[in-house]
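This report refers to the structure that appears directly beneath it.
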Amino acid sequence: MTGNTEKIKLKLAKRYAKEKRFRLYGISAIAVSIAFLLSLLINISVTGFPAFQQTYVNIDVDIDSKLLNLNSQYSEQDLFRANYSKVIKQSLKTMFPGVKGRKQKRALRQLVSKSAIYQLRDFVINNPSVLDTKQSLWFLARDDVDVFMKGGIDRSLPESDRRLKDFQLVWVDKLLAQDRLEKRFNIGFFTEGDSREPEQAGIKGAIVGSLLTMLVTMFMSFPIGVAAAIYLEEFAPKDNKWVDLIEININNLAAVPSIVFGLLGLAVFIGLFGVPRSVPLIGGLVLTLMTLPTIIITSRAALKAVPPSIREAALGLGASRVQTTFHHVVPAAMPGILTGTIIGMAQALGETAPLLMIGMVAFIANVPQGITDPSTVLPVQIYLWSDSPERAFTERTSAAIMVLLGFLIVMNFLAVIMRKKFEKKW
């Protein structure tokens, strides 16, 4: 008897040891996953945070009407077409009188962003009285100067290994000594569209394009997906081969790679129906196809979770099947339906592959005003910037990823809140 007891205790000890090891494996797996996630987020944050600051350079601009080719009887159109580039070049030469040679003169002009021409033009048009005066103005610095100010260029490297040459570093040191270089919050990152010049590039166009595309997706996928789920769950005949075939295809479509939906949109919407490329309308239609299986499956699960007693009670009191469904079952299942819809929309917001197939990879500088205007979306904007060779686009890529992650976190957080607030326990 004692021997049997010892064997049982030994078996129990082994069982408990296995359970402890299994728990340890689970905790270790979670810890490793969190470590990788934190490492990724920290890397993105460290790389992207500098993009939220931008370097500005102060220049004493002599706004000479002769350099602008203006006579005494100028019009507003003359001010618009004046040669502001020549004024900025001359102002830089005045600040650095020792600059000689074509190469150094060209490098001197590259201290200031090309947007300085348009900024000066708008300043003069809005204030014509500044003509023939000297003004101290702040302009965007070029991307190489901006990267240097943020510590992205090591001046101890050989001259051939860095973007800024020795004579350019001398100019930058002089500007720093005179307090003519400073970093400010990069408001243009959120208020400007895309640009070939990194210091001018912003994500406003991509954000607006994403919102318009998501609106099209929402208004198309939500009613169609919920209606399909209601029919399949509440009204479709059971044990019907056609219904079974539809259900199998819906489940299979949920696992189809997203690029396939892009090919389908390219062939059907663009090739067959002639919908314009690279517009939120076609993007929303393609993402609707991709999102529908997710919404249908989650909506059916929410409808199935409603207790049968609610249906039986409504039918027992004389309600029709349609009244029972839309007055009692659907309102009870709506929290789950909305949660699944938001999760599906969040998945669509982060998609890139299907949108590349329908031409939303094009360079779009203007902010779209409607669903038929050319546009891009945040994931595609990130893809475009990640392929750019300029160092300044690297930080903007990470910053755009941070903004996209922020949208995704907010959408998933909203889904959790709605689930908790409207969830009913049966």
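Things to note:
- Summed over the range 19-37, the residues that are of a type in the set (A, V, I, L, M) and open to solvent by 90 Å² or more (accessible area, probe 1.4 Å) give a count of 4.
- When the range 295-314 is filtered for residues that are open to solvent by 60 Å² or more (accessible area, probe 1.4 Å), assigned to a helix (DSSP H, G or I) and farther than 10 Å from Glu233 by Cβ, the ones remaining, listed by number, are Ile297, Pro308, Ser309, Glu312.
- Residue in the range 128-150 that is modelled with pLDDT of 85 or more, surrounded by fewer than 19 Cβ atoms within 10 Å (Cβ to Cβ) and farther than 30 Å from Asn69 by Cβ present: yes
- The range 365-405, residues that are touching a Lys or Arg at 6+ places or on another chain (Cβ under 7 Å) and surrounded by 20 or more Cβ atoms within 10 Å (Cβ to Cβ): Trp385
- One residue alone among Ala206, Ala227 is open to solvent by 30 Å² or more (accessible area, probe 1.4 Å), more than 17 Å from Lys150 (Cα to Cα) and not hydroxyl-bearing (Ser, Thr, Tyr), and that residue is Ala227.
- Within the set Gln168, Gln90, the sole residue that is surrounded by fewer than 19 Cβ atoms within 10 Å (Cβ to Cβ), in the same structural domain as Asp60 (by TED's automatic domain parsing) and not in a loop (DSSP other than H, G, I, E, B) turns out to be Gln90.
- Take the conditions (1) assigned to a helix (DSSP H, G or I); (2) modelled with pLDDT of 90 or more; (3) hydroxyl-bearing (Ser, Thr, Tyr); Thr5 misses just one of them, which is (2).
- Single residue of Leu263, Leu215, Leu245 found to be under 19 Å from Gly340 (Cα atoms) and either open to solvent by less than 60 Å² (accessible area, probe 1.4 Å) or of a type outside the set (Phe, Trp, Tyr) (or both): Leu215
- Selection count, the range 347-364, where residues are touching a Lys or Arg at 6+ places or on another chain (Cβ under 9 Å) and among the hydroxyl-bearing types (Ser, Thr, Tyr): 0
- Test result for Leu67, free of Cβ contacts under 8 Å to residues at least 60 places away in the same chain and open to solvent by less than 40 Å² (accessible area, probe 1.4 Å): yes
- Looking only at the range 154-165, and only at residues there that are surrounded by 12 or more Cβ atoms within 10 Å (Cβ to Cβ) and among the charged types (D, E, K, R), the one that is farthest from Val57 (Cα to Cα): Glu159
The values are calculated or read from the model by the stated rules, or taken from the named source; none is laboratory data. No experiment lies behind these values; they were computed from the predicted model shown. We place every Cβ from the backbone using ideal geometry, glycine too, and count neighbours over all the protein chains shown. What goes into the accessible areas is simple: the full protein's heavy atoms, side chains included, and nothing from ligands, DNA or RNA. Shrake-Rupley method; radii C 1.70, N 1.55, O 1.52, S 1.80 Å.
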